Structures are given as C-alpha cells and as structure tokens.
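The values are calculated or read from the model by the stated rules, or taken from the named source; none is laboratory data. Treat the numbers as computed from the prediction; the structure is a model and nothing was measured. Every residue, glycine among them, receives a Cβ derived from its backbone with ideal geometry; neighbour counts consider all protein chains shown.
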Amino acid sequence: MDQKHPLAAFTALNDRVFIYKPLEKGDPEPVTASQKPSIPDLVVVCAWAFAQPRHIAKYLVHYHSLYPRARILLLFNTVHNMLWRPDWMQMEDLRPAVWAVEECLDSYNSQAKATTTTVNEAGTRADSKQKQEPTVVFHIFSNGGAHMAVQLAQAYRDNIRMSPSLSPNSTAVKKQLPISALIFDSCPGHARYSTAGKTTLSFLPKDAHVTRALAMPLAYAVLGVAYLCHVSGIAEHVVIKLWRELNDPKGPFLFKPVEFISNIHATNNTEVNGVAALTERVIPRIYICSDADDMIPTHDIVEHAAIARRTTGLSDEAARDAVRVEEFVGSMHVNHVSLHKERYWDAVRETLDRIE
C-alpha cells in the first residue's frame, strides 16, 4: 500500500465508502488458536469530517503493515452530511459498508469451516481450535468519525437480521454490528457552539483568513438552526446522539454479544423474545486525547470514558482496564500520531491484545 496514493489499493463503493481486500496468495491460512483474537480480520476506519486521503494515509499504511491480511473499510464524512442529510439518505449511503462487513464475516466463517482440521508436523490430522468469531476493530476519529460509526451501526441493524431459527417466535431478529475493540482518537466531545464553528470550516485552508471571516457568520447560523431543530424535537442533534449511542448498553459499542444461551447466567445479558439470552462482554476501548486539542477538550473525552466505566457494571479496577484513556501532551486534534507515533501505536496494540 502506497502512502502517497493510499486509495489506489481500495475499491470505491461510493464517494464515502472504500474497501481494501488483501490479495490472496495460495490457500488461506488456517484460522486457528495460533491466530490470536488480537489479529483483526477487519479494520473499520471512520475518518474525521473533511479528512483527505493524504491525511488518513499514515493510518491505513500502518494498519496494513501490522496486519497485512486484514481488510480495511474506510468511511469518509462531512459536516453537511452530519447536519442536513436525513437518516434515510445516510442509510442508503452506508448500505455498501453494511454488505462489506457482512461479506468479511461470511469469508471468515467459510475459512473457519474449511479449516476445522489441520495437518500436524507428524502428518496426522488433528482438530484445530479456532477463533470463535472474527475480529472487527473500529478506529474512530473526532466527532465526524464517531457519527459515521453510529450511523453504520444503525444501517447494520436495519439491513442485517439473524436466522429465524434462533428465535422461533419471530421471523427474524435484528442483528448488532460486530465490534471487537474501539479506538477513539480525539473524541467524542460535547456539542459546543464555539468549537463547532471551527469544525464546520475545517475544509478551508488555514491561511484563508478573509474567507474564514466571511464564512463564520453563515456557519454559526447553520449550527443555530441545527440546535433549534434539536430543542424543538424535530431532529436529535447529531453530536448529542453519538455521545449517547456510544455508551448505550443496548447498542453494539459497549457490550459484545457472545452467543445465544437458553438460561441467563451472566450479569450482563439481554433476552430475545423470551426464548434466549445474549451473554455479553465489555468491548475493550481506548480514548486518545491531548491537552493541546482545540476542537474537543480532554475533559469531554475523560467524562465519556467515566460514563462508559460506570455503565459496564464492572469493578473499578476491571472497568479501568476495559476502558482506558491515553492522554498526550502537545499534539493537536486528530494528529497525536505525528508527535507520539510509537506510544500511539503501542496504545492501539495493547487495546487489541485485550480482545478475548
């Protein structure tokens, strides 16, 4: 994958959704216990609003170097899409992303079935202990990326349903977006009028001072209308929605369904039509932030992490281990990796190592 032309290796599913699939050479590698859950099968990169390919390239290239066999799903966003395009239009845009996720899961399951046995060094056949499920990692940048993650989860629920056989009393059960680990870079933050204006105009060159000065009143007027729509009940503000959804215990971001069971034994579980229950695990997540971020302050991110820890229902120590915060010094919004590359990627790897 070329850092100068990173999207050359991707297939454009539409103008917001791109997918990278590694070239298969020979037979697929066995999906066994030696392939740890920390090795992703799919990395979903939710870019910040107005991110350009050259900006996101360093993350794509590094993921490819770390995990060359992983697929990468890349989602772009804009403030216009967040504020003005209705959900049904956004769901249509994300339909290809839904099918890309499902195709990856189907591919994993097919390979898993094909490698239930393997040849050991002595030449005899032995059962292979497989990963129980594919590993799907979300790397989310700023509120723009968080919005895309939340919208993808909604699109997935709307489009993908589990087999009716799992629930005899229903034709189908809505299925949650599969997530194994979450990396939050510079997000989420509260809906602040002061910083929202900067975000809205972030597509303009930094040295375009006159243009920015002229556009600022219009930007704040647009944001004011969006806020009025929220308080009047016409439409929930997108930032308030993503803040809530990312810590919703009934959604896909906090607890991960493991399997259907006939009896409820776990502390965290959800009944499905009264005939089954989901045993859930807390999804490991890390928040990466900085004192120099002028878009989303550190205390917003720390607050969201604290809510996540409380919502898990775990002990304080276990909650801190599952929900971590990595605070940097001096790095700007969605640019922490430039000043702290080694520490940044160590934090990512440590989060993936906590996947069970």
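What to note about this one:
- Every residue from the range 339-349 that is touching a residue at least 24 places away in the same chain (Cβ under 8 Å) and not β-branched (Val, Ile, Thr): 344, 345, 347, 349
- Scanning the range 160-171 for any residue that is surrounded by 16 or more Cβ atoms within 10 Å (Cβ to Cβ), of a type outside the set (A, V, I, L, M, F, W, C) and at pLDDT 50 or above turns up nothing.
- Some residue of the range 334-356 being on the phi > 0 side of the Ramachandran plot and either modelled with pLDDT under 90 or touching a Phe, Trp or Tyr at 6+ places or on another chain (Cβ under 6 Å) (or both): yes
- If you go through the range 305-334 and keep only what is in contact with a His (Cβ under 9 Å, 6 or more places away or on another chain) and under 19 Å from residue 351 (Cα atoms), you end up with 326, 328, 334.
- Helices (runs of 4 or more DSSP H) (entirely within the range 48-116) containing at least 3 residues that are under 17 Å from the mean Cα position of the chain (by Cα), on the phi < 0 side of the Ramachandran plot and crowded, with 19+ Cβ neighbours inside 10 Å: 53-66, 87-114
- Qualifying residue in the range 257-266 (condition: modelled with pLDDT of 95 or more and closer than 17 Å to residue 182 by Cα): no
- In the condition set (1) aliphatic (A, V, I, L, M); (2) farther than 24 Å from residue 178 by Cα; (3) at pLDDT 85 or above, residue 101 is compliant with all but (2).
- For the range 295-325, the candidate set comprises residues that are among the small types (Gly, Ala, Ser) and surrounded by 13 or more Cβ atoms within 10 Å (Cβ to Cβ); within that set, the residue that is farthest from residue 335 (Cα to Cα) is 313.
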